[in-house]
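Enquirer: The structure that follows is given in the form of structure tokens.
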Amino acid sequence: METLKVLILEDNEYDMELVKRSVVSSSNYHFQFTWVISKNDFIKALTDTKFDIVLSDYNLPQFNGIDALKISKEINPNIPFIIVTGTLTEEAAADSIKAGAWDYVVKERLNRLPLAVESVLKLKNEKLKLKESEEKFRLITTSAQDGIIMIDNEGKINYWNPGAEKIFGYSIEEVRNKNMHSLLAPSKYHSQHLPAFQHFRETGEGPMLGKVVELEALKKDGTIIDIELSLAGMQLSEGHGAVGIVRDISERKIAENEIKRQYYFIDAMLNSIPIPLFYKDTKGKYLGCNEAFSEMFGKSAEEIRGKTVNELWPEQYSQTYNKKDMELLQDKSRQRYESVIIDKDKKEHQVIYDKAVFYNEKDEVAGIIGTFTDITEIKKKEVELILAKEKAEESDRLKSAFLATMSHELRTPLNAVIGFSSLIDDSLPLDEILEMAKLINKSGNHLLNIIESIFNISMLQTKELKIRPESFSVYDVFLEMKSVIEAEINNENKEHISVLFEPEPNTTSTTIVTDKTKLIQMLTNLLSNAVKFTEKGKIEFGYFFTERDITFFVQDTGIGIPSDKTDLIFERFRQVDDTHTRQHGGIGLGLAICKEIANLLGGSLWVDSEEGKGSSFYFRLSDVVLKDAALPENVAEPSIPDLNNTALLIAEDIESNYSLIEAMLRKTGAHLLWAKSGEEAIRLASENPEVSLILMDIRMPGINGYEATRSIKKIRPKLKIIAQTAYTMPEEIEKCIEAGCDGYISKPISKIKLYDVIRQMM
Ligand code: ADP
């Protein structure tokens, strides 16, 4: 139990006892009483001891209760003082309360005393707490760096802490009762203030309450500073007041403005760089880019910011970018490499990336900054230069090769002419002279051929040769050509080579209209090449019709032509082998002449060949078969298979071969898909489940027919595949079957063969 020290000032002992008893009677406290009578003892007691309460009589011998109260307040202003008297008039009671007595009790009603004691002690406690809180408030507000300002209901300042004094330069005395707004707000805010304040006065509400706002404010010396103000409303007895906490943010603003200035400067600098530039954080998210970058990709910096490369570019590009970024973040250094980017128009560019990491204030890697230089044009120029150089070298080499070939080709027959003619004299027997004359004649004819070829090609190229179309029987031409081959075989002593003649059956009276002489010239060239470049095997020669078109073919099992040379051989003076050690004679004009003739006759000439295996030359003339003679005599058109609603995939790298097949299948109603390579054949077969048959060319660049067949059979084992092979050796066919082909058709493909094999498969 708490002990309370009570000082009783009373001249009557009896009364003193009554007071004591009364106090003790109903209380929760434990009391320790001190009784004094005289003024001196009263003063001494108060000075010596810290009492919790004073109970004083009103009428005392030397002085009265009011005097005692004054003394008590002087010595200790916080001691609760209760006047206990028998004579108290209402006036005296009022005086004592006015003088500072905490309460009074009349002796006749002493039973009220414990209650009075209780309530003054409570009051004392509250006062103490209030004081404490006031002290805390004072401490906080005086030590705060921020300015704390309170205004009353009229907007006048009634509180101003040292912080505010420091910020604005005014002392509390200078601002007290002054209107805060007029004093501190620059004139630009005045017009909006009045209505807002009026509203606040009436309602206690305002747009700025409860918020932190940045404003400008006026200092005592007239300068304007940036402040941050947070305002709170408070309910005062006389109406709505407010407390504002003000922070001087001038320095922060200066720093912020400096950052802004630097940012704008850097931004302008980056944008003035014509090379695309970007920066990312360590997670690979774009932090920004310059205008050149935005321009290149058609995306603004805002669209790019926060995104990763995965979100912005297709996987084939973003994968590399990510990998390179990771490497750079790990190495924490610089990077330079060539790569490919895709611009806003989906165009690829070759670029050189230059990238480096950048650091934050803690010296940690904060991200990547990078640029790239477009080198597409440089690369193109590089390739062009290399090509031009190669071309120049090639043309140099060709010049020498041409001279060597010509010199050789002219010298050989000339040598024979000069050599044999100088040997002839009258001492020689006649049969030897005749033999020599024959050789001289042969060499002379050979020379004449060469010269004719040269004239021929130049006439053809200057378009001086006119075509003379006439109608004639193909079969007659065929027979003529047959004797040409036989003579050639004989001439070259190659009787071991078998020659197969394959005219389309029953077409002996089919008539075509074209320039017969030129057609014969071309076929002669193709046939004599076949004999010249074939050492063993066979030569096939024939023709077939597709509607009103005719296609001649000359196929051999000779040395063949490498795939990269199949175009070149049709150029003037070009040969597959142009070294001086070449085996076969010729000056490289035959096929160039054939090509010119083909153009002149409106036909197409092409070759399908495989090095080491043989060559097939095709010559196709469109729309030359005379209408009434179009069909082979006595024989109906082979019955056409119905391929409506059937999809066929034709894998064939040579366009002319494809167009032949296309022409042959036109009437079947088949839907055709054309794959120009093995890769494409695999893709189309897997993407188009409706395809039920494939005509697979075996010899294709890249993935060949065997490999393509194997791959397709893995995906679609039931899909029928027919191999098209040009060189139908047994081992060739075996290889096709082994690869998974269900059948084969040998080239040149005729309509009958094609229909038959399709019928077998379907
Ligand atoms: P030439 O036969 O006089 O060399 P061509 O223009 O007739 O001239 O032929 C050009 C080249 O094409 C030949 O040198 C040869 O390399 C190649 N060539 C032509 N026909 C065949 C063929 N049937 N087989 C292999 N190579 C051929």
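The values are calculated or read from the model by the stated rules, or taken from the named source; none is laboratory data. Everything numeric here is computed off the predicted structure, so don't read it as measured data. Reconstructed Cβ throughout: ideal geometry from the backbone, glycine too, with neighbour counts over all protein chains shown. All accessible areas refer to the heavy atoms of the entire protein, side chains included, with ligands and DNA or RNA removed. Shrake-Rupley method; radii C 1.70, N 1.55, O 1.52, S 1.80 Å.
Enquirer: Share of the chain's accessible area from carbon and sulfur, percent, 1.4 Å?
Expert: 53 percent
Enquirer: Among the lysines, select those whose C-alpha is under 30 Å from the C-alpha of LYS362, and discard any that sit fewer than 8 residues away in the same chain.
Expert: Counting by Cα, and skipping residues close in sequence, LYS362 has these lysines nearby: LYS253, LYS260, LYS280, LYS283, LYS285, LYS307, LYS323, LYS324, LYS332.
Enquirer: A further question follows. Compute the accessible area per residue over region 60-127, keeping the other protein chains in place, probe 1.4 Å, unit Å².
Expert: 53 Å²
Enquirer: Nearest 20 debye, what's the magnitude of the dipole of region 381-537 about its Cα centre given +1 on Lys and Arg Cβ and -1 on Asp and Glu Cβ?
Expert: The dipole of region 381-537 has a size of about 540 debye.
Enquirer: Once phi is turned into ³J(HN,Hα) by the Karplus curve 6.51 cos²θ - 1.76 cosθ + 1.60 with θ = phi - 60°, what whole-Hz value does each residue of region 396-407 show in order, with x for glycine and proline?
Expert: After applying 6.51 cos²θ - 1.76 cosθ + 1.60, I find 4, 5, 4, 4, 5, 4, 4, 4, 5, 4, 4, 4 Hz.
Enquirer: Still on this structure: Could you work out the percent of alpha carbon pairs in region 309-450 separated by over 18 Å, rounded to a whole number?
Expert: So the portion of pairs separated by more than 18 Å is 75 percent.
Enquirer: How much area per residue is accessible in region 288-440 when the probe is 1.4 Å and only protein heavy atoms are counted (Å²)?
Expert: For region 288-440, the solvent-accessible area averages 66 Å² per residue.
Enquirer: A further question on this structure: For region 405-547, what does the alpha-carbon gyration tensor say about shape, rounded, prolate or oblate, given a ≥ b ≥ c as the root eigenvalues, a/c under 1.5 as rounded, and a/b over b/c as prolate?
Expert: The shape class here is prolate.
Enquirer: When the C-alpha atoms of the chain are aligned to their principal axes, what extent does each axis show, in angstrom, from largest down?
Expert: The principal-axis extents, from largest down, are 193, 59, 48 Å.
Enquirer: Straight-line reach only, C-alpha to C-alpha below 16 angstrom: list the aspartates and glutamates that LYS44 could link to, leaving out same-chain residues fewer than 8 apart.
Expert: Candidates past the 8-residue exclusion: GLU10, ASP52, ASP67, GLU74.
Enquirer: For the chain, just give the cysteines left without a disulfide-compatible partner, judged by no other Cys Cβ under 4.7 Å.
Expert: CYS289, CYS594
Enquirer: Separate question: Ordered by residue, what ³J(HN,Hα) values in Hz, to whole numbers, does region 417-423 give under the Karplus form 6.51 cos²θ - 1.76 cosθ + 1.60, where θ = phi - 60° and Gly and Pro are x?
Expert: Listing the rounded values in order: 4, 5, x, 5, 5, 6, 7 Hz.
Enquirer: Still on this model: Checking a compactness column here: for region 1-125, what do you get for Rg(Cα) / (2.2 N^0.38 Å), N being the number of residues?
Expert: Output field value: 0.94.
Enquirer: Moving on. With the cut-off at 25 Å, report for region 257-379 the share of all Cα pairs above it, as a whole percent.
Expert: The share of Cα pairs beyond 25 Å in region 257-379 comes to 20 percent.
Enquirer: Let me ask you something else. What number do you get for region 503-563 when its Cα radius of gyration is normalised by 2.2 N^0.38 Å, N = residues?
Expert: Ratio of Cα Rg to 2.2 N^0.38 Å: 1.28.
Enquirer: Taking only the Cα atoms of region 538-608, how large is their convex hull per residue, in Å³?
Expert: 105 Å³
Enquirer: For region 67-175, what size does the Cα cloud have along each of its three principal axes, sorted from largest down, in whole Å?
Expert: 61, 29, 24 Å, listed from the longest principal axis down.
Enquirer: Let me ask something additional. Near SER711, within a Cβ-to-Cβ distance under 11 Å, what is the net charge of the other residues, with Lys and Arg +1 and Asp and Glu -1?
Expert: +3
Enquirer: Another one. Report, largest value first, the span of the C-alpha coordinates of region 141-197 along each principal axis, in whole Å.
Expert: If we take the Cα atoms of region 141-197, the spans are 34, 22, 17 Å.
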